[in-house]
Amino acid sequence: MLSPYIDGQLGPSDREGMESHLEGCQACRRELKSLRATVNLLHRVTMVSPPRSFAIAKAAPKPLPAAVWSFGVLRVTTAVAALLLVFIFAGDATHLFEGGLIEERTAQQDTLMDGEDGEDGEVSDTGGVPAGGEEYVWPVSELELALLGVVVVLGGATAVLWQRRRRGGERASKS
Amino acid sequence: MEEDELIQRAKEGDLDCFNQLVERYQREVYNLSLRMLSNASAAEDATQDAFFSAFRGIGKFRGGSFRAWLFRIAANSCRDQLRSLRRRPTTSMDDLPLELESDQPSPEDFAMHRELGEEIKRALAALPPDQRLAVILRDIEGLDYEEISQVTGSSLGTVKSRINRGRARLRHHLEQRRELFP
């Protein structure tokens, strides 16, 4: 190993062994000379001054995690709003919010009550119909419209942010 | 301020103290990156990434050679940049010359040194990254074997072997341009 020999990395016995071998081996002496010349060349490579300071600006490392965080939250919120919208649409389509069964039951009870000349006027089932007898109507259409608006706005914001991040990434990989 | 104190304060979040460490080491880190990547803009990116990573991870520095710790981070940044450069095979070596110290700066010597510098750049770029890193750390940055072992996370035996093989390849490459040797 000529390279550790040049760097003084051989132990005393290895070094002596190497020196005695070099005395009798012209090829190794030639190789040692050439290797030393190579190493000396590398030692003469000058250090370049950096083109700018690499000092870190006060808020420099923080924007990236913040952007990642806000992008993540935005994506999750959009997904939740979209799922809610789908749920409400599905519910609307299957008349889930119209209290169909309760209405039917109330109608039956009304019929019964009519038959009993209005005795026992209290309606005990208050699930979708308040005790006072007024039916609660879910504002399904308004909910749907509002959620649709939220999904469109959030979806748009997510798409814009995603585009910006992608362009930023392309720029970073080009530079 | 002493280096240990700067490191301690940087660990407590003092950015000014960390930036003093940046000022001390940026030349060495930039040159390591430049010689590893042979591309000035990639070297700039690797150096900046290394200092960002070092700032974020300085709490994990457990003492020993700060330079070796920093170089280890820089070597990882260079590895990332090398991967990125490999994905863009059209990117060539930059024209930033590799200069050699010279005692006799005659015009002939200048031209010869310039050519020799280019040859060294090409020879370094042709080395496998592990050998290139070991040779640069030893012969250009001037680290000892123990420090190189810390930077690369390899045993002393592996470091010796990489330096030995790397230098042998460089010698072989440069032998073919023997006329450039002084």
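The values are calculated or read from the model by the stated rules, or taken from the named source; none is laboratory data. Since this is a predicted model, take the numbers as computed values, not measurements. Every residue, glycine as well, gets a Cβ built from its backbone with ideal geometry; the counts of neighbours run over all protein chains shown.
Only residues that are acidic (Asp, Glu) and free of Cβ contacts under 8 Å to residues at least 40 places away in the same chain: list them for region B:1-20, please.
Restricting attention to region B:1-20, the residues satisfying the condition of being acidic (Asp, Glu) are B:2-5, B:12, B:14, B:16.
Within region B:1-20, B:Glu2, B:Asp4, B:Glu5, B:Glu12, B:Asp14, B:Asp16 meet the criteria.
Identify all residues within region A:23-41 that are more than 7 Å from chain B (Cβ to nearest Cβ) and among the aliphatic types (A, V, I, L, M); write none if there are none. Break it down stepwise before answering.
First, pick out the residues of region A:23-41 that are more than 7 Å from chain B (Cβ to nearest Cβ): A:23-33, A:36, A:40.
A:Ala27, A:Leu32 - these are the residues of region A:23-41 that are more than 7 Å from chain B (Cβ to nearest Cβ) and among the aliphatic types (A, V, I, L, M).
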- Can you spot a residue in region B:144-160 that is at the interface with chain A (Cβ under 10 Å from one of its Cβ atoms), crowded, with 23+ Cβ neighbours inside 10 Å and at pLDDT 95 or above? yes
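Give the residues of region A:19-47 that are free of Cβ contacts under 8 Å to residues at least 24 places away in the same chain, aliphatic (A, V, I, L, M) and crowded, with 18+ Cβ neighbours inside 10 Å, sorted by residue number. Even if it seems obvious, please write down each step before you answer.
First, pick out the residues of region A:19-47 that are free of Cβ contacts under 8 Å to residues at least 24 places away in the same chain: A:19-27, A:29-30, A:33-34, A:37-38, A:40-47.
Narrowing the set further to residues that are aliphatic (A, V, I, L, M) leaves A:22, A:27, A:37, A:41-42, A:45, A:47.
A:Leu41, A:Leu42, A:Val45 - these are the residues of region A:19-47 that are free of Cβ contacts under 8 Å to residues at least 24 places away in the same chain, aliphatic (A, V, I, L, M) and crowded, with 18+ Cβ neighbours inside 10 Å.
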- Item | Conditions (1) at the interface with another protein chain (Cβ under 8 Å from one of its Cβ atoms); (2) in contact (Cβ under 8 Å) with a residue 40 or more places away in the chain: number failed by B:Glu23 | (2)
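If I filter region B:33-70 down to residues being in contact with a helix residue (DSSP H, G or I) (Cβ under 8 Å, 6 or more places away or on another chain) and among the charged types (D, E, K, R), which single residue comes out as farthest from the other protein chains (Cβ to nearest Cβ)? Walk me through it before giving the result.
From region B:33-70, those in contact with a helix residue (DSSP H, G or I) (Cβ under 8 Å, 6 or more places away or on another chain) are B:33-40, B:42-47, B:49-51, B:53-55, B:57-59, B:61, B:64-70; that's our starting set.
From what's left, among the charged types (D, E, K, R): B:35, B:44-45, B:49, B:67.
Values: B:Arg35: 8, B:Glu44: 7, B:Asp45: 7, B:Asp49: 10, B:Arg67: 14 Å.
My answer is B:Arg67.
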